[in-house]
Each structure stands twice: as C-alpha cells, then as structure tokens.
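So the structure is just underneath, and the comments pick up after that.
The values are calculated or read from the model by the stated rules, or taken from the named source; none is laboratory data. Computed from a prediction, not measured in an experiment: that's the story for all the values here. Positions of Cβ are backbone-derived with ideal geometry, glycine not excepted, and every protein chain shown enters the neighbour counts. Areas reflect the complete protein model, heavy atoms only, side chains present, ligands, DNA and RNA absent. Shrake-Rupley method; radii C 1.70, N 1.55, O 1.52, S 1.80 Å.
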Amino acid sequence: MLDLQRLRALHAVSVHGTVGAAAAALGYTPSAVSQQIAKLERETRTVLLERQGRGVRLTEQAHHLAAAAQELLSIVERTETELEERHGLPAGRLTVAAFASAARGLLPGVLADLARRHPALDTRLTEVDPHLSVDLVAKGAVDMAVAHDWDIAPLPAPEGVEQAVIGDDLCDLLVPAGHPFAGRSAVRREDLQGERWICQPPGRVCHEWLVRTLRGAGCEPEIVHQADENPTLVALVAAGLGVALIPRLGRGVLPEGVVEVALDPMPVRRLYALWRTGASRRPAIAEMVRTLQGHWASVSERRSG
C-alpha cells in the first residue's frame, strides 16, 4: 500500500526540483523529506532519486510515480473541497505562495485575520518568485498564489487556473536627496537617459520590466548595482549610488536621504490571487480572496497617504 504522504514528498521534489525546496514548501525539514522518499523506495523496491552534482534528479520510474501522485492528490483535493463545501466554513490546510513584497507587506495581516476568524483553517505561506508561483498552482504544489504582472507584461494564467484581481500597486522613482530630480513633482520616462540604475538581477520580473520600459522610452538602462531585496535597493539609493524604480507594497518607510518622485506615466503592477479551477467551490479559497481584497484596500490607502 502506497503512503500518500510519501507520494506527496516525491511530488514536491518533482515540482520544486530539490529536496530542500520541497521541504520548505511542505513545511518539513530536508531530512524528513529524504526519509519519506527513502521509505517509498523500499516500499516500491525502486530507485527514485539519483545524485547529480550537489543535488538529485528523479529517475524515469520516479517521474511516472510523481505523475500518479499528482492524480491522487487531485482526487484528495476534490474530496476535501466537497467536504468543506458541505460544512460551508473555511477549514483544513491552505498553502499559499506569494512574492517577497506581498509576503512582507500584505500577507501577515491577512493570515492573522483568517486565523482569528476561522480557527479551523490552517494557512501556510511560502515566499516564491511570481514567475514560478503560477506553475506551482497549476501542478498542485500549492493551493493558491499571490502573484503580479506589469502594465506592459500581462500575467498568463494556464488552463485550469482561475484568477481574481487583488488590486493595483503603484511604483515610484527613488532618487538620492541631492539628485536633480529630487525637487521635481514628476519626471517623464524620456528624461531618464543617462541615469545609473539599481535594480533586481536578470531573470526577475522587476528587472525585465525596467529594461523593457526604459527601452520603450528610448533609453538604454545602465544597471550598476543589483540586489534581490527592496530594502537593499533603497539602501543603495540612500548611499547616492544610483536611482531605482520600486513598488510601494512592502517598501517600508524611506530612510533619510531618499526622495520619492512620481514617474509620468505612473508604472503600475497588478496583484492577483490564483487557484485551480477544481478548488473554486472551496470556502477557504473564496474567503482568502475576499480577505486579500479587503486588506489590500487598507494597505493601499496607507501607502497612498
């Protein structure tokens, strides 16, 4: 008899690519995931993971078993949805993937609110890059994702995944206090030629958006400093090392020496909640969407003020 938890562990490794990432998504330790898969190997008398450099890769047999695991987990999800729907109240476990600034600036209040109002609902948060989270939803690795797109790069939702708009996050130009733009109420995109830019590394959504936006305005960006976290980008601006375009959500209070200037037209990224179509009837999904939208109204109002 195959154990569902062990199949879940194998499926997580197949989706996330490493034992460590699978463990983080499941809320286990890497050693616990490895032990689950080792037991599954003994039960099936099959080698499922092989060493590859510092990581592992799934064998052909493991890929077949992981595909079967996804089907079984889908059946379990449908059953849990039906049971929850009959009770009419949000309950059970709800796993959520969110990008960094949403995980910092929006989700803490949302999760605390849900825990207070719905003690039978066990929400679990994982921080994930937005371009990865949609695929995690589609593959059943998480129940919901909070992701975003930009005005020039819409977010694709694959078949079988539904989405709802949470709200719009505005983005400002941040410059050092002594910068010529610091005294202006607004700056046109065409005026940004020759600036030294601070942004996230290539492959990140915000990096690609910056490059495409500036090129669209006839400016080839000179990117001189790169960092993953927005607080680091702000600190580099405060040191007078360049300018940055940073969304308001999760940005925090700007330090002394950094000035916020409006960019004309104002860049906007839209936040979405995404979930699998099969879970649409689940009360926990509907309640999570409502709570995200409700908290966004207060978060965005504070940021605008």
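Points to keep in mind about this one:
- Residue 290 sits among other residues whose Cβ lies under 14 Å from its own Cβ, and their net charge, with Lys and Arg +1 and Asp and Glu -1, is 0.
- Among 261-267, 96-102, 157-163, the order from most to least packed when residues are scored by Cβ within 10 Å on average: 96-102, 261-267, 157-163
- With the biggest extent put first, the Cα atoms of region 142-194 measure 50, 19, 16 Å across the principal axes.
- From the coordinates shown, semi-axes √(5λ) of the Cα gyration tensor in Å corresponds to which of [x] 40, 23, 16; [y] 39, 20, 16; [z] 31, 21, 18: [x]
- Positive-end extreme of charge dipole, region 48-202 - chosen from 114, 53, 192 (charges on Cβ): 53
- Spin-label pair residue 168-residue 64: with each label point 7 Å from Cα along the Cα-Cβ axis, the two points sit 5.3 nm from one another.
- Dipole magnitude (debye, nearest 20) for the chain, charges at Cβ of Lys, Arg, Asp, Glu: 560
- Cut-off 11 Å, label 7 Å out along Cα→Cβ of residue 177, residues of region 259-303 by amide N: 259
- Whole-number D in µm² s⁻¹ for region 154-269, Kirkwood Cα-pair radius fed into Stokes-Einstein, 10 °C, 1.306 mPa s: 107
- Each peptide in 110-118, 204-212 receives the mean, over its residues, of other Cβ atoms within 10 Å, and ordering these scores from highest gives 204-212, 110-118.
- From most to least packed by mean Cβ count within 10 Å, the peptides 23-30, 136-143 give 136-143, 23-30.
- Residue-normalised accessible area of region 62-219, expressed per residue, 1.4 Å probe, Å²: 47
- Accessible area of region 234-279 belonging to carbon and sulfur atoms, whole % at 1.4 Å probe: 57
- Rounded to 10°, Cα long-axis angle of helix 30-44 versus longest principal axis of the chain: 30
- Modelled FRET efficiency - R0 45 Å, residue 262 with residue 159, Cβ distances, 0.05 increments: 0.70
- Summarising the label geometry, the points placed 7 Å from Cα in the beta-carbon direction at residue 196 and residue 18 lie 3.3 nm from one another.
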